[in-house]
1. Pop out the ³J(HN,Hα) list for the range 65-80 in order, Karplus 6.51 cos²θ - 1.76 cosθ + 1.60 with θ = phi - 60°, rounded to Hz; leave Gly and Pro as x.
2. Compute the length gained on full extension between Gln72 and Ile98: take 0.36 nm times their separation in residues and subtract their Cα-Cα distance, giving the result in nm to one decimal.
3. How much length, in nm to one decimal, is gained on full extension between Glu33 and Val56, taken as 0.36 nm per residue of separation minus their Cα-Cα distance?
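Derivation of every value follows stated rules applied to the coordinates shown; laboratory data play no part. These figures come from a predicted structure and were not determined experimentally.
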Amino acid sequence: MKSRKLAKQTARCHHEHQGSDRGGAGVTKATVEEIHRISKIINSVNEIVATISMAVGEQSAATEEIATNIAQASLGLGEVNENVSQSSVVAGGITQDIGRGEWSCQ
């Protein structure tokens, strides 16, 4: 009796083991497929990051160009202010000369 019971248990374990091998192969295949799917997602994210990085670089270059243009405009305005100041001094001198009667159109 014991030997029959042991034989049945052995056969059942053997049968379960064979089934788990088949199931394991299925799990392995599914795992490989999931890893492949995750790899595709990672590649897509890398492409997005590269696109964003390129756009940030272009924006940085544009910002630098704008800053340079503002600095040049500021220098130009400084020169205009200096010219206006000099013209104001000259106009003030002419006004004083006219007031004293020292200015003539000759």
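1. Running phi through 6.51 cos²θ - 1.76 cosθ + 1.60 with θ = phi - 60° gives 5, 4, 4, 5, 5, 5, 4, 5, 5, 4, 4, x, 5, x, 5, 4 Hz.
2. Working: separation 26, 0.36 × 26 = 9.36 nm, distance 3.88 nm.
Fully extending the segment from Gln72 to Ile98 adds 5.5 nm.
3. On the way: separation 23, 0.36 × 23 = 8.28 nm, distance 3.48 nm.
Residue separation times 0.36 nm, minus the Cα-Cα distance, leaves 4.8 nm.
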